[in-house]
């Protein structure tokens, strides 16, 4: 069994040369095959030889008879493969790559799709072996992948499937000195390379089918992070146009809930949170309350020195005039598990204390719902499969106790928590 593209190439080139040398005399004129020769080969199901010599018929002599013969033979050729136990040798893959560009084949979409399906099977089987390949073999695989995709960009699902097969090696690709750098080059990052194969899918009318996978979330996040690095301000009326440069609107709407997942999870990396918060604020199609919800989550992550922090603060100031929105947002936040509360973790930090005080003053409903959730856990009410949903409830009490000595801040919250934490020093 050959695992090497190089070995395969040399072997099959020699084999084809030998075949041609042996079989050419079968031609009635000891030279180029005639249409009758091709018909005989098709009848005998000698399809490899058939397609090696199908173009012996010069273009001006290729009429309906030749074109029908090509289509019929290609269809019969593919029936020689067992879909339930598919094996595609390299010699057949090379023939597939050759004939998929022929107009006679490309005019029959059903035939072309099946041809591409078998070609994709071969490529995916080779991708699975990628970590065992030499540098030269990886470069050859890369060239074949690119040529296959170049020939079939209208079938965006093929590119997506190639990317999905490669994505299985995400960890390997990020290792220093990884052999996969020869695959990625000259692209700066593995996700940028995968976007080469997925761009068509993300821009297609059915992009929503592709944009909710873990792979797509990572690729799209990478592209938007690139975009944000060039973004000068969070006040941009043209940002929707910039989004459309990378993804279809349906794709964006499918991807967008992932941004709320990022900002709602305590363990999300800071740079990913920053990206998600910025994209949410830049999206003009989002209702104001959803943007405010994101802004409050940003504040609950702790004080920052950034334009985004200032924007979030302004949204808090607007929220103090909207009791219905405050109740709605407080309910959404308290339903998260765990509830975002990193802000309360720094009980001695003056900036954290001041922001907690301001939030309690302008958004008391948030603290009421947070303390209620904390009390439910402390009193053993309800089901909490992930454990304590209010990890920094004790720290919040300590901050409020310190503030309470000077100024009454969230008194109901303070007194409701006091029986459980009064002995803490």
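Right, residue 249: surrounded by fewer than 16 Cβ atoms within 10 Å (Cβ to Cβ) and in contact (Cβ under 8 Å) with a residue 40 or more places away in the chain or not? The answer is no for residue 249.
Residues checked against (1) within 21 Å of residue 286 (Cα to Cα); (2) out of contact with any helix residue (DSSP H, G or I) (no Cβ under 9 Å at 6 or more places or on another chain); (3) in contact (Cβ under 8 Å) with a residue 24 or more places away in the chain:
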position	(1), (2), (3)
148	no, no, yes
153	no, no, yes
163	no, no, yes
207	yes, no, yes
217	yes, no, yes
229	no, yes, no
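One line per residue, one yes/no per condition, for (1) in contact with a helix residue (DSSP H, G or I) (Cβ under 7 Å, 6 or more places away or on another chain); (2) modelled with pLDDT of 95 or more:
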residue	(1), (2)
28	yes, no
42	yes, yes
46	no, yes
56	no, yes
81	yes, yes
96	yes, yes
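From the list 94, 37, 75, pick out the single residue that is assigned to a helix (DSSP H, G or I) and in contact (Cβ under 8 Å) with a residue 60 or more places away in the chain. Walk me through how you get there before you give the answer.
Values: 37 fails: in contact (Cβ under 8 Å) with a residue 60 or more places away in the chain; 75 fails: in contact (Cβ under 8 Å) with a residue 60 or more places away in the chain.
Within the list 94, 37, 75, the selection yields 94.
The range 157-263 holds helices (runs of 4 or more DSSP H) entirely within its bounds, and those carrying 2 or more residues that are farther than 20 Å from residue 273 by Cα and at pLDDT 95 or above map to 190-202.
Among the residues making up the range 324-354, a single one is more than 27 Å from residue 387 (Cα to Cα) and touching a helix residue (DSSP H, G or I) at 6+ places or on another chain (Cβ under 8 Å): 325.
Taking the conditions exactly as written (closer than 24 Å to residue 36 by Cβ, under 32 Å from the mean Cα position of the chain (by Cα) and surrounded by 11 or more Cβ atoms within 10 Å (Cβ to Cβ)), does residue 86 satisfy them or not?
Here the answer is no, as residue 86 does not meet what is asked.
Out of all the residues in the range 115-156, which are part of a loop (DSSP other than H, G, I, E, B) and either under 16 Å from residue 86 (Cα atoms) or within 20 Å of the chain's Cα centre (by Cα) (or both)? Explain how you work it out, then say what you get.
Of the residues in the range 115-156, the ones part of a loop (DSSP other than H, G, I, E, B) are 128-129, 133-134, 152-155.
128, 153, 154, 155, listed by residue number.
The single condition among (1) over 16 Å from residue 198 (Cβ atoms); (2) crowded, with 19+ Cβ neighbours inside 10 Å that residue 238 does not satisfy is (2). For residue 324, the criteria (1) within 37 Å of the chain's Cα centre (by Cα); (2) within 19 Å of residue 266 (Cβ to Cβ) hold in every case but one, which is (2).
The values are calculated or read from the model by the stated rules, or taken from the named source; none is laboratory data. These numbers were taken from a predicted model, which means no experiment stands behind them. Backbone-built Cβ (ideal geometry, glycine too); neighbour counts: all protein chains shown.
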